[in-house]
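Just so you know, all these numbers are worked out from the coordinates, no wet-lab data involved. Everything numeric in this text was worked out from a predicted model, so none of it was measured. Note that we place each Cβ from the backbone using ideal geometry, even for glycine, and neighbour counts take in every protein chain shown.
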Amino acid sequence: MSAVLKFLSRTQGKNGPALVDWISYIYLLLGFLIIFLPVLWLLLNSIKSQFLLQKLDTNILPLDYDRVVRATVFGPEGKEIFIMKDMPEWVIYWNELRDEDKKNENNPNEFISNYEGKEYYALRTHLGLVSDHAKKLIKQKNLPEWLIKYPSMFPDAKKEYDPQEFLTNLNEEEIRLMSEFLGIKPYKPNGFTSQILISAINPETNKLEEYSVSRLNNNKDTVNARLISNPQGGIVKLQTQDIIVNKKLRPSWINYSDPLTNNVRGMSFDAVKCLSNSLFVTIVATIITVLINSMAAFALSKYKFNGQIIFFIIILATLMVPASVLIVGIFKMVSMTGLNGSLWGVIIPGAATPTGVFMLRQYMLTIPDELLEAARMDAASEWSIYWKIVFPLALPAIAVLGILSIIWRWNDLILPMIAVSTTKTAYTIQLCLLDFQGEYVAQEHYRLAMTVVSLIPTTLVFVFLQRYITTGIANTGIK
Amino acid sequence: MATLEIKKVRKNYGTLEVIHGIDLFINNGEFCVLVGPSGCGKSTLLRMIAGLEQITKGDILIDNQVVNNISAARRGLAMVFQSYALYPHMSVRQNLAFGLENLKMKIEEIDRRILEAARLLRMEEYLQRKPGQLSGGQKQRVAIGRAIVREPSIYLFDEPLSNLDAELRVATRVELKALHARLGNTMIYVTHDQVEAMTMADKIVVMNDGIIEQVGAPLELYNKPSNKFVAGFIGSPKMNFIQFDYLPNSLKEKAPPNSISLGIRPEHLSIKDENSLLLNVETVEQLGSDSFLYGTTSGEQKISIKLNYQTDIQANQSIKVGFKLDDAHWFDKDGIALTS
Ligand SMILES: Nc1ncnc2c1ncn2[C@@H]1O[C@H](COP(=O)(O)OP(=O)(O)OP(=O)(O)O)[C@@H](O)[C@H]1O
Ligand SMILES: [Mg+2]
């Protein structure tokens, strides 16, 4: 420990830090921050709730606000907006809760029975009870079965049925329920959105009052707020500096736990499958890449044969062809060889890389020929010269290639898109991440969290393999 | 145990011929040293024997078997390289075992041979170390050990001592000689250090520019060089050569016919009148036991003298130096030695 301290506090100046020390430390710190801050930002954002992300929250920490609910209810009287306070957390976060938590810990039916009127309607929609109640009613009153399917029918199909005639026999409450369920005008699905609760001086009454706000942006001078005691009164503009906001640290771990347990609403996200596909591609492809490239480099650097230079130039020339030009060609090759939909279609097209061959060849040129001759005198076959002498001695370069290949394979999006985009079971993690940005749902909170998860392997690889880069070069055994 | 025969061997690199037809016979158990100036083709010849280099023309026979097309691995020879060429990523033990494992030898036999070699070369303590952790002399031993465990029919050495310091070189030289006495194998040893050649060899092969100038026992080469090159190459300091035209008449009379130059070794010159030359001393070096005089005689012919005593001769002095006629070597216009 003291050795570490001593090492860290070493200075160039004899008494205390000199100018060079200051400059070096500032430089190191700056470099560290430039690299580290974006990662930190990603990490902290990955534990923000969906609510905060949708509000484009700019806080560094996942600080959640006091929330109120702005409810919108549609009925025969038209649209009515009101604020509901003192909702328990599980109700506010209902849509962010995991299914098992919803069922196990809370009882929405019991909760909702404490309310009536417009608040009851708003909660009924929010807690997802409309269809439950409606189905129960259909059973109870012996209404026709097709009513259950009616909300999910295509418009054309809906024309063949007329639900209106069945509503006449029901009482007012029941009509309302069925109308909400079936989507009959003027009943529309009720809105129930979380908003941020703030306090500020009301400019008209000069008293401290509570407001609800849909978005806070510290860079703007004013916030659009709605007075809680009079929500119908419309939006007022408040000075940002005058408002009082309550914040509470509340990391949203479900961002991680939901996708990892295949519990994402509206889609199936099989994290284990995605990650294991990526792992398979990365490991197998890296092994093949290292083997093929090092064998080619061995031949190019240690054997003399006709056309050696030509081969080398051709290999290097492929560096000049941009990858995007090759996409169509690779797609055709993959589908003609029947590899599409299989992970081998991702692995094989990228197995030999000109950069790898070039890098390893240059490194192997520095391995003295005498070592190979000594091995030949020692009755070694050409294969064991490669495998037991050249390969281990080229390990520092091979480790670099390995690390590059792992990172490239893990992050690659193009080859998986070409080869397996039509086969969901063969998706790699990068393709899976794309899925969170669906046509209708944008689940950024899951995407951020899973991006962090997908960074773990590459980070580990770097931590464990980087020592190979520095060792080895030092002990070339020729005196 | 094997004999080696080289018949009219030539070597071309592209169109450039570097070995111009060499004939040589090396007997079973002989310690044969190849000497010659840098670039004369010693390494190339040795590598052809080893099988690391193709033979352009001619034949190499081991135990009367032509081995031209047999790979290095199967010739059953072992070579010690100038740079040692130890496998840097393997421990000393693995370095020694590598060749034996390639021959699919049994583990017990490998262990036995390694132990024996380690004892012989006193390297038991560092069998587990990597070459990077050894001193130059220790690496040298491992390189020799790697050859010994193979129990080859012929040992090939390519300047194995040139990377050692002077003291260690002498010690290893003696050890190698003892090793040869003990193993009794045929050994071929390349060097351009003539002290090594003189002290170790049963037979010296003097090469120059891709050909063999002379083959013989060390003293034979010293006493009876067959040409001017060998005469100049063997012996230190170099033999003095004086052109016939600048010799005093008394000496010209005693020369055999067709002589073009006279060769006389510095240690055979002394300060006396018999067969004498007039010498302008330019530099005097006193080493205590010996003294060296450097100067010129008529026609700016450079001459050096080795005296085995301390002298009071000063620079810029003129002296007379003489020699016994028996010590003189005479050469004709092609540099071939003449017998007087
Ligand atoms: N691979 C090669 N290609 C072309 N010429 C070569 C090659 N190897 C050696 N030569 C030439 O062959 C000649 C003999 O080389 P060689 O290495 O045998 O010399 P040497 O006697 O071992 O010299 P040294 O005492 O300096 O080691 C040299 O003129 C060298 O330039
Ligand atoms: Mg050489």
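Summarise the long-distance tail of P(r) for region B:237-338 by giving the % of C-alpha pairs beyond 15 Å.
Here the tail beyond 15 Å accounts for 60 percent of pairs.
Highest GNM mean-square fluctuation, chain B, Cα pairs closer than 10 Å: which of B:ILE107, B:ILE204, B:ILE19?
Evaluated over chain B, the most mobile residue of the options is B:ILE107.
Got a sec? How would A:ILE309, A:ILE198, B:ILE211 order by Cβ neighbour count within 10 Å, fewest to most?
Working: A:ILE309 9, A:ILE198 23, B:ILE211 15.
The most exposed by this proxy come first: A:ILE309, B:ILE211, A:ILE198.
If you take the square roots of the eigenvalues of the alpha-carbon gyration tensor of chain A and sort them as a ≥ b ≥ c, do you get rounded (a/c under 1.5), prolate (a/b over b/c) or oblate?
Values: a/c = 3.50, a/b = 1.80, b/c = 1.94.
Judged from the Cα gyration tensor, chain A comes out oblate (a/c at least 1.5, b/c at or above a/b).
Calculate how steeply helix B:136-149 sits against the longest principal axis of the alpha-carbon atoms of chain B, using the helix alpha-carbon long axis, and give the answer as 0 to 90 degrees to the nearest 10.
So the inclination is approximately 60 degrees.
Nearest 10 degrees, 0 to 90: what angle lies between the long axis of helix B:92-102 and the longest principal axis of chain B (Cα atoms)?
So the helix axis and the longest Cα principal axis differ by about 70 degrees.
Between A:TRP253 and B:LYS8, what is the label-to-label distance in nm when each label sits 7 Å out along the Cα-to-Cβ direction?
9.0
Grab the other residues whose beta carbon is less than 11 angstrom from that of B:TYR246, score K and R as +1, D and E as -1, and report the net. Display every interim value, and only then the final one.
Details: positive: B:LYS252; negative: B:ASP245, B:GLU300.
Once positives and negatives cancel, what remains is -1.
Suppose R0 equals 35 Å; then what is the FRET efficiency for A:ASN263 and A:LYS159 from their Cβ-Cβ distance, rounded to the nearest 0.05?
On the way: r = 38 Å, r/R0 = 1.07.
The computed FRET efficiency comes out at 0.40.
Please compute one quarter of the surface area of the Cα convex hull for chain B and express it in square nanometres. Before the final figure, lay out each step's value.
Numbers: hull surface 81.8 nm².
Averaged projected area of chain B's Cα convex hull equals 20.5 nm².
Hey, what number do you get for chain B at 222 nm if only DSSP H runs of n ≥ 4 count, each worth -39500 (n - 2.57), divided across all residues, to the nearest 500?
Details: 9 runs with 92 residues, N = 340.
The per-residue figure over chain B is -8000 deg cm²/dmol.
Return the calculated 222 nm mean residue ellipticity for chain A, to the nearest 500 deg cm²/dmol, obtained by summing -39500 (n - 2.57) across DSSP H runs with n ≥ 4 and dividing by the residue count. Can you show the working numbers first?
Values: 23 runs with 245 residues, N = 479.
Computed mean residue ellipticity for chain A: -15500 deg cm²/dmol.
Measure of size requested: the Rg and Dmax of region A:1-121, with Cα atoms as the atom set and Å as the unit; please supply both.
For region A:1-121, the Cα-based Rg and Dmax read 26.5, 85 Å.
Put a dot 7 Å past each Cα toward the Cβ at B:ALA217 and A:ILE201; how far apart are the dots in nm?
It is 12.2 nm.
Report ³J(HN,Hα) in whole Hz for each residue of region A:422-430, in order, from the Karplus equation J = 6.51 cos²θ - 1.76 cosθ + 1.60 where θ = phi - 60°; Gly and Pro get x.
8, 10, 4, 6, 9, 4, 8, 4, 5
Evaluate the relative contact order of chain A (contact order divided by residue number), counting alpha-carbon pairs under 8 angstrom at least 6 apart; express in whole percent.
Values: 549 pairs, mean separation 79.4, N = 479.
After rounding, I find 17 percent.
Looking at this model, which pairs from A:LYS79/A:LYS207; A:LYS48/A:LYS118; A:LYS304/B:LYS203; B:LYS177/B:LYS324; A:LYS302/B:LYS11; B:LYS224/B:LYS252 are more than 26 angstrom apart at the alpha-carbon? Display every interim value, and only then the final one.
Values: A:LYS79/A:LYS207 29 Å; A:LYS48/A:LYS118 31 Å; A:LYS304/B:LYS203 36 Å; B:LYS177/B:LYS324 35 Å; A:LYS302/B:LYS11 21 Å; B:LYS224/B:LYS252 21 Å.
The answer is A:LYS79/A:LYS207; A:LYS48/A:LYS118; A:LYS304/B:LYS203; B:LYS177/B:LYS324.
Please list A:367-374, B:133-140 highest first by mean number of surrounding beta-carbon atoms within 10 Å per residue. Spell out each step's value before the answer.
Details: A:367-374: 19.8, B:133-140: 17.5.
Taking the mean over residues of other Cβ atoms within 10 Å, the ranking is A:367-374, B:133-140.
Show which lysines lie in cross-link reach of B:LYS130 when reach means a straight Cα distance below 24 angstrom and same-chain residues fewer than eight apart are skipped.
Answer for B:LYS130, where 24 Å is the Cα cut-off: A:LYS388, A:LYS479, B:LYS104, B:LYS106, B:LYS139, listed by chain and number.
What whole-number distance in Å separates the alpha-carbon centres of region B:185-218 and region A:41-64?
If we compute the Cα centre of each part, the gap is 83 Å.
Amide H to amide H, which residues 5 or more places from B:ASN68 or on other chains are under 5 Å from it, using H placed in the peptide plane?
B:ILE60
If you count, for every residue in B:80-87, the Cβ atoms of partner chains within 10 Å of its Cβ, what is the mean?
What the average comes to for B:80-87 is 6.
Taking the number of other C-beta atoms within 10 Å as the exposure measure, put B:PHE233, A:PHE464 in order starting with the fewest.
Values: B:PHE233 24, A:PHE464 10.
Fewest-to-most Cβ neighbours within 10 Å comes out as A:PHE464, B:PHE233.
Quantify how strongly other chains surround peptide A:384-395 by giving the mean number of their Cβ atoms within 10 Å of each of its Cβ atoms.
Numbers: counts 3, 1, 0, 0, 7, 5, 0, 1, 4, 3, 0, 1.
The mean count of partner-chain Cβ atoms within 10 Å per residue comes to 2.
Tell me the net charge near B:VAL92. Cut-off is 12 Å between Cβ atoms, B:VAL92 excluded, with +1 for each Lys or Arg and -1 for each Asp or Glu.
Values: positive: B:ARG93, B:ARG129, B:LYS130, B:LYS139, B:ARG141, B:ARG146; negative: B:GLU124, B:GLU125.
That works out to +4.
Angle, helix A:395-411 long axis vs. longest principal axis of chain A, Cα atoms, 0 to 90°, nearest 10?
20
Sort A:THR261, B:THR15, B:THR191, A:THR125 so the one with the fewest other Cβ atoms within 10 Å of its own Cβ comes first. Write out the running numbers ahead of the final one.
Values: A:THR261 15, B:THR15 5, B:THR191 24, A:THR125 20.
Starting with the residue having the fewest Cβ neighbours, the order is B:THR15, A:THR261, A:THR125, B:THR191.
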